[in-house]
Amino acid sequence: METFDELYYREPYTREFDASVVSCEPADEGFAIELDQTAFYPTGGGQPGDRGTLSVGAGEDSLVAHVREAISGDGAGEVIHLTDIALPVGASVHGSLDWPWRRDNMEAHTGEHIVSGIVHALFGYNNVGFHMGERCIEVDFDGLLTDDDVLDVERRANAAIREDVSVEALLPSPAELAAMDYRSKKDHDGQIRVVRINGVDFCACCGTHVSSTGQVGLIKILRMTTKKKRTRLELLCGRRALETCEAAMAALRETSNFLTVGDEEVPEAVRRLSAEKDDLKHQLKQAGRKQIDQYVATLAPEDSLAVCCLPGLDVEDLRYLCEQVLERTDATVCAGISPVEDGGSRLAYVMASSDADLRPACKELNRRLDGRGGGKAQMVQGSWASSSDAALTAIRDVLG
Ligand SMILES: [Zn+2]
């Protein structure tokens, strides 16, 4: 439990501090160190714990312990620093926070208050889940939002940032608390800390925040998903939001330059390109069919079996070829094969018949030509790991 007298609460902008080692015990993957005071915020309330270093001494004999995470201990206000090396109990240490990491988390946590406060004020929904991940912040609300609602929330959130409203942490007495209308996720025991952003949010919270909304800089809501009357917003704040916008703008610029259109015209240009591609594919298919028709017109099978080997045909083309052969010639069985264009030595095949059951022959050919596939009695298809010559010989042997 917090006492709210910890250094990271009293002076949340403290990046460096001096303290002494109270205890140092072996822990998973390193050591658990406790200090007499610390600016390291321990993981809790949806906010990741601080990282940084604890140094003892200077020069060649100095020791530097890397803190991978600060977590809460069992006692009131107890913070455990999880480190890679041990430090001597009683030693004076100089603590140094990974400030970009903490600053990101302060911006993110404050941004979450702004968004949750606005959603609560506009729609009456409660924040029922909060997670600050490596990629983004996820906030869950107990109600449904539309895309327009989300855009409205984001615009209001950024307006609150431009207003640069102060962010205060209050420690009200029970009587003062009873008179306050604040958001709270759960019932707390003991002292309640309430974070007030005037006109934006009023919420019980034990995290660290920037001291005014302007320092959040920017809020971008990346994605909204809804599930069972709940809405999850994925958002970014501050530096992370700005870097994501920079990357998105760079991608847009690259695309618009490539397409030689303006940024706003990119979606329409991509749709047009996609339609052109579909049209070309269709034309190519038609041209291919015409070639197959011309090829079939030259065929004059001497017996009931027609065997055709043509390059560049897919299974769909091979089916068309077989259908045309059976329809337009005297052949009653047609085998169409085409090398698969993947640099290997596989053949795609389709075999069709106007009366016979081809499945036994297909099975035998698969066995001989190391292939796979099958189908209905009068139409089978698949592929063989074989050269064209070997396949032609095998087909004539089995079906001839
Ligand atoms: Zn907070």
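Tabulated data
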item	result
Hits in region 228-240 (condition: in contact (Cβ under 8 Å) with a residue 60 or more places away in the chain and away from the ligand (no atom under 14 Å from the Cβ))	229, 230, 231, 232, 233, 234, 235, 236, 238, 239, 240
Residue within region 38-53 that is open to solvent by 50 Å² or more (accessible area, probe 1.4 Å) and over 36 Å from the mean Cα position of the chain (by Cα) present	no
Among residues of region 80-102, those that are surrounded by 16 or more Cβ atoms within 10 Å (Cβ to Cβ), touching a Phe, Trp or Tyr at 6+ places or on another chain (Cβ under 9 Å) and either modelled with pLDDT under 95 or of a type outside the set (A, V, I, L, M) (or both), counted	6
The listed residue being open to solvent by 60 Å² or more (accessible area, probe 1.4 Å) and within 23 Å of the chain's Cα centre (by Cα), out of 147, 140	147
Residue tally, condition under 16 Å from residue 119 (Cα atoms) and either without any contact (Cβ under 8 Å) to a residue 60 or more places away in the chain or within 16 Å of the ligand (Cβ to nearest atom) (or both), over region 205-227	3
Search result, residues across region 101-134 that are among the hydrophobic types (A, V, I, L, M, F, W, C), within 10 Å of the ligand (Cβ to nearest atom) and more than 22 Å from the chain's Cα centre (by Cα)	106
Boolean, residue 200 is at pLDDT below 95 and surrounded by 16 or more Cβ atoms within 10 Å (Cβ to Cβ)	yes
Meets criteria (at pLDDT below 95, surrounded by fewer than 17 Cβ atoms within 10 Å (Cβ to Cβ) and assigned to a helix (DSSP H, G or I)) for residue 389	yes
Only listed residue being among the small types (Gly, Ala, Ser), crowded, with 18+ Cβ neighbours inside 10 Å and more than 23 Å from residue 299 (Cα to Cα), chosen from 361, 348, 352, 377	361
Failed item in (1) assigned to a helix (DSSP H, G or I); (2) within 16 Å of the ligand (Cβ to nearest atom), with residue 264 passing the rest	(2)
Test for residue 109: is it at pLDDT 95 or above, open to solvent by less than 30 Å² (accessible area, probe 1.4 Å) and not aromatic (Phe, Trp, Tyr)	no
Residue in region 19-40 that is within 16 Å of the ligand (Cβ to nearest atom) and not charged (D, E, K, R) present	no
Residue within region 52-69 that is within 16 Å of the ligand (Cβ to nearest atom), outside any loop (DSSP other than H, G, I, E, B) and of a type outside the set (Val, Ile, Thr) present	no
Members of region 192-204 found to be under 17 Å from residue 120 (Cα atoms) and either within 16 Å of the ligand (Cβ to nearest atom) or outside the structural domain of residue 113 (by TED's automatic domain parsing) (or both), listed by number	194, 195, 196, 197, 198, 200, 201, 202, 203, 204
Residue list for region 319-338, restricted to those being part of a loop (DSSP other than H, G, I, E, B) and buried (at least 21 other Cβ atoms within 10 Å of the Cβ)	331
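The values are calculated or read from the model by the stated rules, or taken from the named source; none is laboratory data. Everything numeric here is computed off the predicted structure, so don't read it as measured data. With ideal geometry, Cβ positions are generated from the backbone for all residues, glycine too; neighbour counts draw on all protein chains shown. Only protein heavy atoms, including side chains, enter the accessible area calculation; ligands, DNA and RNA are left aside. Shrake-Rupley method; radii C 1.70, N 1.55, O 1.52, S 1.80 Å.
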